[in-house]
Amino acid sequence: MRNIWKTATALAVLAPAMFGFATGVDAASGKVTASTLHVRSTPSTTGKVIGKIYKNNILDYSEHNAAWVKINFQGKTAYVAKRYVQTLPTVATLAFVSYEGKVAASALNVRAGIGTSHKIVGKLANGTIVKVSNSASGWLYVTAGNIKGWVSGQYVVKAPVVPTAPVTKPATPAPAAPVATDYKTMNLRYPSQVTANEINSYIQKYEALTGERSIFSGKGQLFIDVATEAGINQLLFAAMAIHESRFGMNELALQKYNLFSVGAYDADPLYYAHTFQSVEHAVRYQAKFLRENYLNPSNWRYKGSYLGDGNGGINYYYATDKQWGEKIAAHANKIHPFRAEEYTNIQIMSGVTPVVADPIKPPAKK
């Protein structure tokens, strides 16, 4: 009887690892509740500690079991104890806009979940047209006939839209095509119809969700005015600050008015981050910084005037996170959903580079 009891106890302890991780179609977010949370290489307390995450940091994840949460840590798969991650209620999100894609690989594996560790449920030949109905962490959920599942997004390209000639009124010209199809690939020099109330409301919802106060709460009009002056899309400019500063609540924002991680090198972000005098100082400097560098074709940092990803756009040099552009676009969609008609028959803004003092830089470490 004692041996049976020991075996049952051991199975109870091992159960989370044995039964695997649950994968959701939509990614989740969680808030770290421990003062210091160890990041391990395997889902076990004996797993090697490969890093640390600190209290109140927000984690994005799509897989977990009863004891562990599977995350992407510095480009690698890692695990943290689930009891120290408080799942955050989902802020109202815009439904994914489905589109048709075309397979650009000789044979593309379709998997049951996000990641190459999941079971292959089918294969798609090169040139196959698929319906894309969701995306997460660089993967797409596709349907092609009876085959449904997740594929790596790098092997699916958007199928070109074939314009149709008017039938009933051949003399009437075809409607003008929009200049953009989504926020991630759109030129940041086109204007947005977002309102200050929409930006403020989005921040207020997060404040209510977390119980914390944003340093730029109620300042939606500031982002719109500065971005308009500089000729930068007002919505994406605000979304960038929201993403970089965790809604104006992270240490850089609270201690240094640094809303865009300016100078925050990975070795010691809080130390190296530049210090600004106010929220407006930080906002105006970022507009100047973007115009002179990432939106300036003659500057070495220029890789295209769009958010992009690890292959191009502002993301290429601005952030080591290859999904940086995608995450900012996601914030933008939640604030003001993308509408093609708002980006039809519009012109690129001219704008001028704001005149603003430089921030204070910390001395080099000895």
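The values are calculated or read from the model by the stated rules, or taken from the named source; none is laboratory data. The model shown is predicted, which means the values in this text are computed figures rather than measured ones. Here the Cβ positions follow ideal geometry from the backbone for every residue, glycine too, while neighbour counts run over all protein chains shown.
What pairs come up if the first residue lies in the range 181-201 and is closer than 11 Å to Ile224 by Cβ and modelled with pLDDT of 95 or more, the second is among the polar types (S, T, N, Q) and part of a helix (DSSP H, G or I), and their beta carbons are under 6 Å apart, counting only those six or more places apart or on different chains?
Ser192/Gln234; Val194/Gln234; Ala196/Gln221
Can you give me the number of residues within the range 50-80 that are more than 21 Å from Asn134 (Cβ to Cβ), among the charged types (D, E, K, R), part of a strand (DSSP E or B) and modelled with pLDDT of 85 or more?
1
Go through (1) surrounded by 24 or more Cβ atoms within 10 Å (Cβ to Cβ); (2) without any contact (Cβ under 8 Å) to a residue 40 or more places away in the chain; (3) out of contact with any strand residue (DSSP E or B) (no Cβ under 7 Å at 6 or more places or on another chain) one by one and return the number of the condition Asn233 breaks.
Only one criterion in (1) surrounded by 24 or more Cβ atoms within 10 Å (Cβ to Cβ); (2) without any contact (Cβ under 8 Å) to a residue 40 or more places away in the chain; (3) out of contact with any strand residue (DSSP E or B) (no Cβ under 7 Å at 6 or more places or on another chain) is unmet by Asn233, namely (2).
Across the range 320-338, which residue is nearest to Ala267 (Cα to Cα) among those that are touching a residue at least 24 places away in the same chain (Cβ under 8 Å) and not in a helix (DSSP H, G or I)?
Out of the qualifying residues, it is Thr320.
Among (1) of a type in the set (Asp, Glu); (2) in contact with a helix residue (DSSP H, G or I) (Cβ under 6 Å, 6 or more places away or on another chain); (3) free of Cβ contacts under 8 Å to residues at least 60 places away in the same chain, where does Asp309 come up short?
Single failed check for Asp309: (3).
So, in the range 291-320, of the ones that are under 16 Å from Ile242 (Cα atoms) and at pLDDT below 95, which residue ends up farthest from the chain's Cα centre (by Cα)?
Tyr318
Could you look through the range 105-114, keep only residues that are free of Cβ contacts under 8 Å to residues at least 60 places away in the same chain and under 24 Å from the mean Cα position of the chain (by Cα), and pick out the one that is surrounded by the most Cβ atoms within 10 Å (Cβ to Cβ)?
Looking at residues that are free of Cβ contacts under 8 Å to residues at least 60 places away in the same chain and under 24 Å from the mean Cα position of the chain (by Cα), I get Val110.
Would you check which residues across the range 203-235 are under 23 Å from the mean Cα position of the chain (by Cα), among the acidic types (Asp, Glu) and part of a helix (DSSP H, G or I) and list them?
The one that is under 23 Å from the mean Cα position of the chain (by Cα), among the acidic types (Asp, Glu) and part of a helix (DSSP H, G or I): Glu207.
Does at least one position in the range 265-281 carry a residue that is of a type in the set (Gly, Ala, Ser), out of contact with any Gly (no Cβ under 8 Å at 6 or more places or on another chain) and either assigned to a helix (DSSP H, G or I) or under 26 Å from Val179 (Cα atoms) (or both)?
no
With respect to Gly47, is the statement that it is part of a loop (DSSP other than H, G, I, E, B), surrounded by 15 or more Cβ atoms within 10 Å (Cβ to Cβ), more than 17 Å from the chain's Cα centre (by Cα) and at pLDDT below 85 true?
no
Can you name the residue in the range 269-321 that is buried (at least 22 other Cβ atoms within 10 Å of the Cβ) and among the aliphatic types (A, V, I, L, M) and is also nearest to Lys365 (Cα to Cα) among such residues?
Taking the candidates together, the pick is Ala273.
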